[in-house]
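The values are calculated or read from the model by the stated rules, or taken from the named source; none is laboratory data. It should be emphasised that the depicted structure is a prediction, and the values quoted were computed from it without experimental measurement. Heads up, the Cβs are rebuilt from the backbone with ideal geometry, glycines too, and the neighbour counts pull from every protein chain shown.
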Amino acid sequence: MAQAGPLVAMAAAGDRSRGLIPPCGRCRQVLLDLHPDVLVAVPTVDGPQMRQIAKLLPDTYFFPDAQAERVFRLNKRYYESVASGTKTSSVRWDESVPAGPAIFYFEDDERPPLRGEILAVRRYSLDDLTPEALRLSDGETVEGYLDGLRRHYPTMPADAEVDVVDFVVR
């Protein structure tokens, strides 16, 4: 597994037909230290759900010397525009995105991840978003963008704050 990169998703299966089980507390802390952006499959009353490891350890200790590689997830439809440098920002809700080096991982895509850097993360309330803040092209509207954002984050409240993430591929 040399140079395989960080884990992007994981699931644990219990023996004796226990099925999907959540990781124990110690495993959660190790995952957070070494793979802070991993998604973890957990059982819920509505069936298996993917959760960010940080959501499974609220108010946790963060190991400052872990030197974990950070993963920034994007939809696979953006691969070409990110790779070519025409897409250089994304809006996120309820995610922790730090500035610094990152691996751009494209969900459900066979192509290799790209390496780059998160340059800046700026927080806005939904009411304060402007075409400039969203980096909209001519003809695109804030209302149209917000409609898409609400479809992507169906549980996002009307008074949410979102992060506009600026990045570059290296």
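Here VAL91, VAL121, VAL97, VAL82 are screened, and the one residue that is hydrophobic (A, V, I, L, M, F, W, C) and in a loop (DSSP other than H, G, I, E, B) is VAL97.
Screening PHE63 on (1) modelled with pLDDT of 90 or more; (2) over 20 Å from VAL121 (Cβ atoms); (3) surrounded by 13 or more Cβ atoms within 10 Å (Cβ to Cβ) shows it passes everything except condition (1). A Cβ distance below 6 Å, combined with a sequence gap of six or more or placement on separate chains, defines the contacts here; from region 148-164, residues that are farther than 11 Å from SER125 by Cα reach residues that are in a loop (DSSP other than H, G, I, E, B) in the pairs TYR153/TRP93; MET156/TRP93. Of the set (1) at pLDDT below 90; (2) buried (at least 16 other Cβ atoms within 10 Å of the Cβ); (3) touching a Pro at 6+ places or on another chain (Cβ under 7 Å); (4) not aromatic (Phe, Trp, Tyr), all apply to ALA12 but (2). Condition first: small (Gly, Ala, Ser), more than 19 Å from the chain's Cα centre (by Cα), farther than 30 Å from ASP33 by Cβ and surrounded by 13 or more Cβ atoms within 10 Å (Cβ to Cβ). Can you find one or more residues in region 141-157 that meet it? Checked region 141-157: no residue is small (Gly, Ala, Ser), more than 19 Å from the chain's Cα centre (by Cα), farther than 30 Å from ASP33 by Cβ and surrounded by 13 or more Cβ atoms within 10 Å (Cβ to Cβ).
Does region 67-79 contain at least one residue that is over 19 Å from ASP94 (Cα atoms), of a type in the set (D, E, K, R), free of Cβ contacts under 8 Å to residues at least 40 places away in the same chain and assigned by TED's automatic domain parsing to the domain that holds GLU95? Yes. Taken over region 113-140, residues that are within 16 Å of the chain's Cα centre (by Cα) and surrounded by 15 or more Cβ atoms within 10 Å (Cβ to Cβ) amount to 6. Selection of first residues in region 80-98 that are surrounded by 15 or more Cβ atoms within 10 Å (Cβ to Cβ) and of second residues that are assigned to a helix (DSSP H, G or I), restricted to Cβ pairs under 7 Å at least 6 apart or on distinct chains, gives the following pairs, ordered by first then second residue: LYS87/TYR78; LYS87/SER81; VAL91/LEU149.
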